[in-house]
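The values are calculated or read from the model by the stated rules, or taken from the named source; none is laboratory data. A quick note: this is a predicted structure, and the numbers were derived from the prediction, not measured. Backbone-built Cβ (ideal geometry, glycine too); neighbour counts: all protein chains shown.
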Amino acid sequence: MPQISVAPGPSRNARHTATVGEPASTASRPSRFARALRAAARQAERVLPRADLDARDPDFIRDRLPSLWLLASLWFRGEVRGLGNIPDAGPILLVGNHSGGNMTPDTIVFTLAFSTYFGVERPFYQLAHNLGVSMPALAQLRRFGTVAATPANARDALDRGAALLVYPGDDHERHRPTSQRNRVDLGQSKGFIRLALDHDVPLVPVVSIGGHETALFLTRGERLARWLALDRLFGLNALPISVALPWGVNVGDLLGHIPLPAKITIEALPPIDLRADFGPDPDPDYVYDHVVRLMQATLDALAGERRLPLIG
């Protein structure tokens, strides 16, 4: 069984305009490539299953939990600390750093640990890009509570009294180069702060390490994603390039990959009551910097414990 410790732990959509002497009808006509991309986006929206809150299945989780814990123990040697810091009941916003590309091993290990510790009946959801959740290799995550990362799903989860795990860094962070594996990079995304304030829920930072050792990540490919209009059409801000099994060079990670058996360690920090700690009208910039500092200090400490990549 993976070890669970309960002790507290320390786009740019440029408008196409006519040039001098160019007919307006020609200038405004979308290119064949752009039309093909838009058609592909519409087709994807039709065929991809929607990852929403009603897909979570406690009976399915209960049946699969023992075998998946065993797999996480053997493959990732999953260790989750500080679960005792998370309130036992009620809505809570968990904010994590994100690693490992589209296979998100940190999410898998933490979801298994949370469900084991608090029981499968406690509602728990994790936000993810709908394209990622719809990948065949990750389809079962929908039944574990992984939902499309939309504002409506986030609000609905907290309104239902659920625990909600968000990754503000999203694809910007989970596809960062391996050279930045021990860096918390939430991409200056501060929406999670407003979400916590609007619903008056505590915020619990969740810090993980090891996920970015499951492949060799070379580049996010953010410029390539913009050039291909993937940001506008699919909401994808990165087209990463990595070296991963079984593909060798892996462009986009849209088919997933086999993660290397790196040790995954995750630590949940004490909850933060934003209004109690920062006043009735907290400054989002100040709160963001504070949360990132806490998470980075914890990640630095976790990195200091590791002897070798993969080995832990």
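Of the strands (runs of 3 or more DSSP E) contained entirely in region 78-194, those carrying at least 1 residues that are among the β-branched types (Val, Ile, Thr) and buried (at least 23 other Cβ atoms within 10 Å of the Cβ) fall at 79-81, 92-96, 146-148, 163-166.
Here Phe192 fits the description: of a type in the set (Phe, Trp, Tyr), modelled with pLDDT of 95 or more and over 14 Å from Gly100 (Cβ atoms).
Of the residues Ala262, Ala301, which single one is hydrophobic (A, V, I, L, M, F, W, C), closer than 25 Å to Ser73 by Cα, surrounded by 12 or more Cβ atoms within 10 Å (Cβ to Cβ) and touching a Gly at 6+ places or on another chain (Cβ under 8 Å)? Lay out the reasoning, then the answer.
Working: Ala301 fails: touching a Gly at 6+ places or on another chain (Cβ under 8 Å).
Step by step, each of Ala262, Ala301 is checked, and only Ala262 is hydrophobic (A, V, I, L, M, F, W, C), closer than 25 Å to Ser73 by Cα, surrounded by 12 or more Cβ atoms within 10 Å (Cβ to Cβ) and touching a Gly at 6+ places or on another chain (Cβ under 8 Å).
Of the residues making up region 279-310, those that are modelled with pLDDT of 95 or more and among the hydrophobic types (A, V, I, L, M, F, W, C) are Val287, Val291, Val292, Leu294, Met295, Ala297, Leu299, Ala301, Leu302, Ala303. Quickly run through region 140-156 and pick out the residues that are within 15 Å of Thr107 (Cβ to Cβ) and of a type outside the set (D, E, K, R). Selection gives Gln140, Leu141, Phe144, Gly145, Thr146, Val147, Ala148, Ala149.
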